[in-house]
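What follows is one structure encoded as structure tokens, with my remarks underneath.
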Amino acid sequence: MRKRHLVILSLAIAFLFFAQWSRPQDSTPRGDTADNDLVLTPPMGWYPWNEFGQEPQNEKLIKETVDALVSSGLKEAGYAYIGPDEGICFSRDASGKLASNLARYPSGLRGLGDYIHKRGLKYALYTDAGTRTCSKAMPGTKDHEYEDMAAFAAWRADYLKVDWCNTEGQNVAESYTKLREALRAAGRPIVYSLCSWGEGEPWKWAGAVGNLWRTTGDICSPGKADWGNAMKIAAANERLYAAAGPGHWNDPDMMIAGMDGLSEPQNRSFFSLWCMMAAPLMAGNDLRKMTPSTVQILTNLEAIGINQDPLGIQGRTVRRDGKVEIWAGKRLFDGSQAVLVFNQGAAPAQVRVEWSDLGLEESAALYVRDLWRHQTTGPRTGGISVTVPPDDVALLRVSKTDAFPLPPIIVADSYLVSLRAAGSTTQKLSGAITVKTNGSDELLLWKVRPGLPSWLSVAVTRNGKSQTLANTVSTAGLKKGLYHALVRADNIEPVSGRPMSALYYDVDLEITEDAGGGAEN
Ligand code: GLA
């Protein structure tokens with residue numbers, strides 16, 4: 001009897017041990033977001049669809065726009081994610097793998113990514129959850145989820161928009177969840193942008209799946225800004241405010257500010273609404289020919305500071321008075337609040353914002369910053385009166401102090417370090433990237449995540465708001481070949497103590513001849 005018990009016990013222990021040992025090792029933490037620690041503030045960048053549609057999306061257009069984004073000052077204002085939308089970028093070859101469309105993108109999709117990374121920008125690509133993309137010009141990911149996500153990772157994408165065309169019979173949440181698993185398996189942290197135009201009510205579940213989700217249909221047909229439709233989209237998106245937060249955002253579509261057909265007040269209002277809604281700031285206009293007014297609107301750091309606030313709260317309408325709306329409910333990282341007064345009427349409106357509209361005591365003595373006029377008044381009690389012209393806004397910040405600091409706005413000189421060693425002797429190579437903040441405060445030192453390959457070390461030094469990440473490579477013992485590392489650095493926003501979006505960059509090393517010593521990778 002005793003012996004039988006012992007045998008059963010031993011078998012049970014062996015089974016438990018085996019079950020534990022054979023369980024798939026998934027070290028990815030499962031939080032309530034896409035848990036890649038990306039876009040903890042809304043993504044900023046540019047996408048071609050609103051202005052151009054499918055034509056003439058090609059390498060030339062994307063590269064010219066990259067250059068314009070840098071030279072116009074948009075990069076300094078925080079715009080970073082850029083790349084083709086449904087721009088006929090790839091096809092599926094006979095073996096089932098995605099292949100770059102070299103006729104349109106002669107450098108290949110990896111080459112285009114390198115061009116973008118070398119300019120300190122992040123690479124955005126596009127695909128579809130169904131069998132084909134919307135125009136049917138490109139293959140969708142259906143039944144190719146894992147190999148396609150591996151292709152996007154190999155092209156070094158940092159952001160992937162996944163459309164919802166040609167998905168007959170597919171379940172929205174299941175399809176996007178499967179693609180999220182495939183993205184994880186591909187191993188590269190990629191901002192995951194769901195584009196089901198509100199189908200399947202993604203605001204109810206997509207916070208655990210992706211980083212942003214379209215809440216509505218398209219904001220315009222390519223090349224035709226539509227103010228009325230944009231206002232309907234803003235109203236629909238406004239109601240979903242509770243779903244937004246760091247790393248998971250409602251997406252009311254790319255911006256139309258700066259496109260033909262909108263007046264200057266409409267551009268200003270549109271941008272203010274998108275800032276107030278913590279919406280992704282993906283510019284949709286032609287960056288190569290912007291008026292000074294458009295540049296000034298798209299690069300207003302005081303407005304962008306509202307959008308890039310580390311608390312990530314989506315503002316909402318707290319009072320409607322005929323054609324005038326007061327938006328608030330957007331507490332900011334320094335304890336101040338954002339307020340938007342929007343006049344959709346045909347005549348100028350005199351509007352009184354009461355502190356009670358903002359949930360504050362009438363007796364509070366508060367400073368008011370006008371984020372378009374760049375002027376501070378106060379302290380004042382009770383409230384403030386503003387006059388707002390038709391289709392225009394007053395975008396304000398209300399605070400107990402007159403400091404009005406800007407949150408971090410991160411700008412890098414490059415996200416790609418490429419090193420090459422020719423010769424058989426051991427060499428030390430180095431390449432640095434510089435990351436700065438255009439926010440008010442200096443940052444703590446970026447902390448490089450441990451676990452780098454043994455051939456790479458990274459040292460961080462600070463010079464005020466700029467920091468240098470010096471990458472040193474030793475080729476000792478490395479065989480001829482290509483080596484790659486993805487470096488991750490983390491930081492916290494110093495005023496609120498909130499985590500900032502993780503910073504990633506690629507290090508490529510090419511060894512053209514064997515060096516002495518044993519092999520190492
Ligand atoms: C859908 C999306 C758009 C754009 C086009 C491309 O309509 O909503 O943003 O990507 O597809 O065909």
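Structure summary
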quantity: Within the accessible area of the chain (1.4 Å probe), percent carbon and sulfur; calculated: 52 percent
quantity: All-pairs Cα distance distribution in segment 37-162, expressed in whole percent, bin size 10 Å; calculated: 13, 47, 32, 7, 0
quantity: Distance (nanometres) between label positions extended 7 Å along Cα→Cβ at T461 and E442; calculated: 1.5 nm
quantity: Candidate residues F90, F52: accessible-area rank, largest first, probe 1.4 Å; calculated: F52, F90
quantity: H374 accessible area, 1.4 Å probe, all protein chains in place, Å² to nearest 10; calculated: 80 Å²
quantity: Neighbourhood charge, 9 Å Cβ-Cβ cut-off, centred on R316 and excluding it, Lys, Arg +1 and Asp, Glu -1; calculated: +1
quantity: Structure-based [θ]222 nm, the chain - -39500 (n - 2.57) summed over DSSP H runs of at least 4, per residue, nearest 500; calculated: -6500 deg cm²/dmol
quantity: Within the chain, longest stretch clear of exposed GluC sites (Glu not before Pro) (DSSP loop, no more than 10 other Cβ within 10 Å); calculated: 169-361
quantity: Cα-based reach from K97 at 13 Å (exclusive), listing aspartates and glutamates while leaving out same-chain residues under 8 positions away; calculated: D143, E145, E147, D148
quantity: Sequence of T216, T425, T468 when ordered by accessible area, the most exposed leading, probe 1.4 angstrom; calculated: T425, T468, T216
quantity: The chain: Cys lacking any partner C-beta under 4.7 angstrom; calculated: C89, C195, C220, C275
quantity: Heavy-atom accessible area order for V341, V295, largest first, 1.4 Å probe; calculated: V295, V341
quantity: Sum of side-chain charges, N300 neighbourhood, beta-carbon under 14 Å (Lys, Arg +1; Asp, Glu -1); calculated: 0
quantity: Spin-label model distance (nm) - V324 vs L429, 7 Å beyond Cα toward Cβ; calculated: 6.4 nm
quantity: Surrounding net charge for S107, when Lys and Arg each add one and Asp and Glu each subtract one, Cβ distance under 15 Å; calculated: +3
quantity: Zero-based 20 Å bins, Cα pair distances in the chain, whole percents; calculated: 21, 52, 22, 5, 0
quantity: Whole-number accessible area per residue in Å² for the chain, which is evaluated in the context of all protein chains at 1.4 Å; calculated: 42 Å²
quantity: Separation of alpha-carbon centers, segment 332-359 and segment 247-271, rounded to whole Å; calculated: 19 Å
quantity: Spin-label model distance (nm) - K224 vs Y146, 7 Å beyond Cα toward Cβ; calculated: 4.4 nm
quantity: Cα-based radius of gyration of segment 391-521 once divided by 2.2 N^0.38 Å, which approximates compact folds; calculated: 1.41
quantity: Length added when fully stretched, D67-R449, from 0.36 nm per residue minus Cα-Cα; calculated: 134.4 nm
quantity: Furthest towards positive pole of dipole, A279, G383, V411, structure part segment 261-417, Cβ charges; calculated: A279
quantity: Loop-resident sites, segment 346-385, for trypsin sites (Lys or Arg not before Pro), counting at most 14 other Cβ within 10 Å (DSSP); calculated: R373
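The values are calculated or read from the model by the stated rules, or taken from the named source; none is laboratory data. All values reported here derive from a predicted model rather than from experimental measurement. Ideal geometry is used to build each Cβ from the backbone, glycine not excepted, and the neighbour counts take in all protein chains shown. Calculation scope for accessible area: heavy atoms of the full protein, side chains included, ligands and nucleic acids excluded. Shrake-Rupley method; radii C 1.70, N 1.55, O 1.52, S 1.80 Å.
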